[in-house]
Amino acid sequence: MTTPCIDSNYFQAPSGILSPKRQWQWAHRATATAGGATFTPANNAAGTTLFTVQAQWTNDTTITQQVYAVMTAGPVRYVLDSLKHMTIQYQWGTSFGAAPADPTLTEESRVRGYPDLGTGNATPSGPVVGIYVLLEDRQPTNSVPIGDVVTLPPGQQMKARVQVRWFTSAWGTDWYATAWGDPAPYRVGKVGPVRVDLFSVPVIP
């Protein structure tokens, strides 16, 4: 097969082997990974950011591409005692254009726990505390799309960012703390790494 037999805008034939040009195929364009993190849950209403990850790609092809982002969040494990309300929050966003700013983040996913089996008197005269219990929960690795499919002309850029943080909404006292002290050694917070991938599909004229 010789070159005049094909449309060189779309196909190539190196050594006589016909194949579409790479820019006319689905492609994995960028990837970035950050985290994970391990922490000991404590009273933390203000919240703590664990890590942030951002992937970006500039359309270096000669045609317009439709670009989308996928987040893969690693496994999560936490252990809490009574009357502790903790949230692990995933925020993400995308931006695109000739010179896009970093994405604005909004909460899109969360993992949270709040063990509450009621309260009672620690002694006949008080104080009133939570019935002691340990709650353990685990979440598997999962992948979700981030934002919408973006139409990206040549030379323009797309960014996708994810931020993971944790905070508490309640921090009560339970019977164990009253009898033996704060059971902090039993509390666990573990968040797996997060990967962001960008993919593209060509806009066929």
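I'd like the distance separating the alpha-carbon centroids of region 150-190 and region 1-68, in whole Å.
Going from one Cα centre to the other spans 28 Å.
Rolling a 1.4 Å sphere over the protein heavy atoms, what is the accessible area per residue of the chain, to the nearest Å²?
Normalised by residue count, the accessible surface of the chain is 52 Å².
Taking 35 Å as R0, compute the FRET efficiency from the Cβ-Cβ separation of residue 9 and residue 143 and round it to 0.05.
0.55
Under a no-solvent Debye model with one identical scatterer per Cα of region 4-82, what's log10 I(q)/I(0) at q = 0.11, 0.16, 0.18, 0.24 Å⁻¹?
One equal scatterer on each Cα of region 4-82 leads to -0.57, -0.82, -0.92, -1.21.
How much length is gained if the chain between residue 62 and residue 117 is pulled fully straight, taking 0.36 nm per residue apart and subtracting their Cα-Cα distance, in nm to one decimal?
13.6 nm
How high is the FRET efficiency between residue 204 and residue 167 when r is their beta carbon distance and R₀ equals 45 Å, given to the nearest 0.05?
0.45
Take the chain, mark every one of the chymotrypsin sites (Phe, Trp or Tyr not before Pro) that falls in a DSSP loop and has at most 15 other Cβ within 10 Å, then report the longest stretch left between them, sites excluded.
27-205
Through the Karplus equation 6.51 cos²θ - 1.76 cosθ + 1.60, θ set to phi - 60°, convert the phi angles of region 92-97 into ³J(HN,Hα) values in whole Hz; use x for Gly and Pro.
The phi angles translate into 8, x, 9, 8, 7, x Hz.
Give the value in nm², to one decimal: projected area of the alpha carbon convex hull of region 39-135, averaged over all directions.
For region 39-135, averaging the hull's shadow over all directions gives 8.9 nm².
If you roll a 1.4 angstrom probe over the protein chains with everything in place, what fraction of the accessible area of region 49-176 belongs to carbon and sulfur, to the nearest %?
50
With r defined as the distance between the Cβ atoms of residue 180 and residue 40 and R0 fixed at 25 Å, what FRET efficiency is calculated, to the nearest 0.05?
That gives a FRET efficiency of 0.90.
Go through 203, 183, 125 and say which Cα lies farthest out towards the positive end of the charge dipole of region 114-205; charges sit on Cβ, +1 for Lys and Arg, -1 for Asp and Glu.
About the Cα centre, the residue reaching furthest to the positive side is 203.
Not counting ligands, DNA or RNA, and with a 1.4 Å probe, what is residue 85's accessible surface area in Å² rounded to the nearest 10?
Accessible area of residue 85: about 30 Å².
Taking the Cα centre as origin and putting +1 on Lys and Arg beta-carbons and -1 on Asp and Glu beta-carbons, what dipole magnitude results for the chain, to the nearest 20 debye?
Dipole size: approximately 320 debye.
Taking θ = phi - 60°, what integer Hz values does the Karplus form 6.51 cos²θ - 1.76 cosθ + 1.60 yield along region 153-162, in sequence order, with x for Gly and Pro?
Those phi angles translate into x, x, x, 8, 10, 10, 10, 9, 10, 10 Hz.
The values are calculated or read from the model by the stated rules, or taken from the named source; none is laboratory data. Treat the numbers as computed from the prediction; the structure is a model and nothing was measured. All Cβ positions, even for glycine, are placed from backbone atoms using ideal geometry, and neighbour counts span all protein chains on display. The accessibility values were calculated without ligands, DNA or RNA, using every heavy atom of the protein model including side chains. Shrake-Rupley method; radii C 1.70, N 1.55, O 1.52, S 1.80 Å.
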